[in-house]
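**Q** Before I ask anything, here is the structure I am working with.
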């Protein structure tokens, strides 16, 4: 297992090579990655400050979260609500020397930039996301195990959905059944999308109060976390006898899905794998109805590197985890999307995490 | 009802008075407030750009969200994943003239600052949160109605909790019972904290797998949204006969809670109301065990202005909504927190949204 402190040391080394004097890590996701602190911990200012020149690392958290800071084993400072974090930031950066370049995450709130200017005056702000993404894309055995556990729980949710689909139930009710089954299976349910009938043709429509009817196509896209790591699966169900058109479209999406997975190899790019899935659908005349990328990486975020999309021309490394989720959406009629979670193992083998394939 | 476009016009007027040339609104909460677009809509770059000089307003969303953009009635531009938002931003800002000062929300991602620099070159970034907070603190009748509906649903959740508390159930299971009851009552459940036994003495501890035991104190803090507006209530329950010490502490917290609510009047500061609640607890010797502020504002965010805390020296305006939630936490023993949701009505009257007070 990679301990948080190894990750911090690796990050310091990477930042040194990029001319960053000071880095402020403040997004819950990267704090979780680097310190092990639970994702839900943060509301007040919380940050890991890394003085690259000295290697000095300081975690700053509100006094209320001191217990979490202690658990990280990292040097830390706390502050009370009434004093605010400025004094702690000043102490954490006082030994840094002249700070000309400060590294920030792109998702960090602009407020943190303003706070740091208040302490340090002028500096150049620099994007350190590529460094963090480059570290996070390679999952270790523990991380792969967490994703596997999340996927297992989502499969329980999908089984519960298959049982619960009947005429008259609402999309929101069905989403709740799925969430509860995921929770029963020991994971934390995330977003669960249920799209029925014509809604199934609109990717990313949120579940609403539409009642499911006989003859409906139902797209269920469910996410969950285990130990803060995401799984994300989609299956397409029908209520009643599927039409010939549905059978044809489903078969085509499944073929694109399977072909893309068969093509996965370490070192191929996300763009290449996208082209495999897209090629199957285009060759059959439905290219215009596959209106999103083929997949996205999974980890502490539900969408992270690598992306299985036309513009992701980096190779997929060992340890990377991503979805393969082609879809065809026929406006006003129905949509089909099928999503699996795939890893390239540390020895280069391809791991398919999910295995539940009901016949619609 | 205040239509989103009135809000946008008011915002433009306020920004003009502050020397801002261009404002970029990109947090889901403020986009919801200004455009009416549902909060869960955003993942890719989405923003409202306001050219203050010309009054030109442009909503930029990914092509996938065009339907939502149309529903706002605002001028909009879309972009495809493969092209990215830069072209749309360029078009939206081309008529702005020389942009020297750009307004951002403090919660906006730093990435958006970088994106805008790529289009506009150098500019001064300015915090426009005070303008937005000043608008959002005053709720209209619709907003008050949404908060009331959220509170009603949370009360159903608390009733369900009272029924479900028994020896052997876990904190997470009880939290799920509460979430489901809230959903059944027609609201969207938010964070639900269940803290039992010694955990009840740790504010903001997340529900865990501890099993509730006979004699436990159980603090339940539940949030929910209706129409994206938050309610937030806390009640403290016991399983079995409460101890004399619990009865005394509970009575003291309830007295602090009631006194603070009785003191609410438009124009008094948050700090003053905080001092009323704190005074009751301090006079009785437990000041050191009331380790957080007395309350926070409610609206599209679960924590927003006004704050009922020692450092909030602004007057509470008509239309403001906030919690009153004193607590006493005896480490290693138990804690008691009681939280109500209060509004100062548009005519200056005090509205208490919640009314469910079980006898422990």
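**Q** Write down Rg/Rh for the protein assembly as shown, rounded to two decimals, with Rg from the C-alpha atoms and Rh from the Kirkwood relation over Cα pairs.
**A** Value, to two decimals: 0.95.
**Q** Let me ask something else. Please give the average number of partner chain Cβ atoms lying within 10 Å of the Cβ of each residue in B:339-349, rounded to a whole number.
**A** The per-residue average across the peptide is 0.
**Q** Rank by packing, highest mean first: peptides A:347-356, B:280-289, B:129-138, with packing defined as the count of other Cβ atoms within 10 Å averaged across residues.
**A** B:129-138, B:280-289, A:347-356
**Q** From the gyration tensor of the Cα coordinates in segment A:141-352, what semi-axes in whole Å does the equivalent ellipsoid have, largest first, with each one equal to sqrt(5λ)?
**A** 27, 22, 12
**Q** Measuring from label point to label point, each 7 Å out along Cα→Cβ, what is the residue B:349 to residue B:209 span in nm?
**A** 5.1
**Q** Another question, then. For peptide A:167-180, how many partner chain Cβ atoms fall within 10 Å of a residue's Cβ, on average?
**A** 1
**Q** Further, regarding this structure: Could you give the alpha-carbon Rg of segment B:200-249 over 2.2 N^0.38 Å, rounded to two decimals?
**A** That works out to 1.40 for segment B:200-249.
**Q** Right, something else. For segment B:314-360, what is Rg from Cα atoms divided by 2.2 N^0.38 Å, rounded to two decimals?
**A** 1.50
**Q** A further question follows. Grab the beta carbon distance between residue A:263 and residue A:127, set R0 = 41 Å, and tell me the FRET efficiency rounded to 0.05.
**A** 0.80
**Q** Top mean-square fluctuation among A:273, A:344, A:110, Gaussian network model of chain A, C-alpha springs under 10 Å?
**A** A:110
**Q** On the first, second and third principal axes, largest extent first, how far apart are the outermost C-alpha atoms of segment B:49-177 in Å?
**A** Computed over the Cα atoms, the extents are 66, 37, 29 Å.
**Q** Over segment B:219-271, what lengths in whole Å, largest first, do the semi-axes of the equivalent ellipsoid take, defined as the square roots of 5 times the eigenvalues of the alpha-carbon gyration tensor?
**A** 26, 20, 6
**Q** While we're here: Rounding to the nearest 10 and keeping the result within 0 to 90°, find how far the Cα-based axis of helix A:110-120 lies from the longest principal axis of chain A.
**A** For A:110-120 against chain A, the angle is about 10 degrees.
**Q** In degrees between 0 and 90, to the nearest 10, how far off the longest principal axis of chain B does helix B:270-283 point, with axes built from Cα atoms?
**A** The angle comes out near 20 degrees.
**Q** Which peptide among B:191-199, A:80-88 comes first, and what is the full order, when sorted by highest mean count of other Cβ atoms within 10 Å?
**A** Ranking the peptides B:191-199, A:80-88 by packing returns B:191-199, A:80-88.
**Q** May I ask for the angle, rounded to the nearest 10°, between helix B:141-164 and the longest principal axis of chain B, with both axes built from Cα atoms and the value confined to 0 to 90°?
**A** Result, in degrees: 40.
**Q** Take peptide B:103-109, look around each residue's Cβ out to 10 angstrom, count Cβ atoms belonging to other protein chains, and average those counts.
**A** Average per residue, whole number: 4.
**Q** Can you give me the pair-distance distribution of segment B:96-145, C-alpha pairs, 5 Å bins, whole percents?
**A** Going out from 0 Å in 5 Å bins, segment B:96-145 shows 4, 17, 22, 18, 13, 10, 8, 6, 2 percent.
**Q** Mind ordering B:240-248, A:98-106, A:21-29 by average Cβ neighbours within 10 Å, highest first?
**A** A:21-29, A:98-106, B:240-248
**Q** What fraction, in whole percent, of alpha-carbon pairs in chain B exceed 30 Å separation?
**A** Percent of Cα pairs beyond 30 Å in chain B: 45.
**Q** Follow-up. In nm², what is the average projected area of the convex hull enclosing the Cα atoms of segment B:263-360?
**A** Over all viewing directions, segment B:263-360 projects a mean Cα-hull area of 7.0 nm².
Bear in mind these aren't lab numbers, they're just calculated from the coordinates by the rules spelled out. In this text, all values refer to a predicted model and were calculated from it rather than measured experimentally. Using ideal geometry, Cβ is built from the backbone for each residue, glycine included, and neighbour counts are taken over all protein chains shown.
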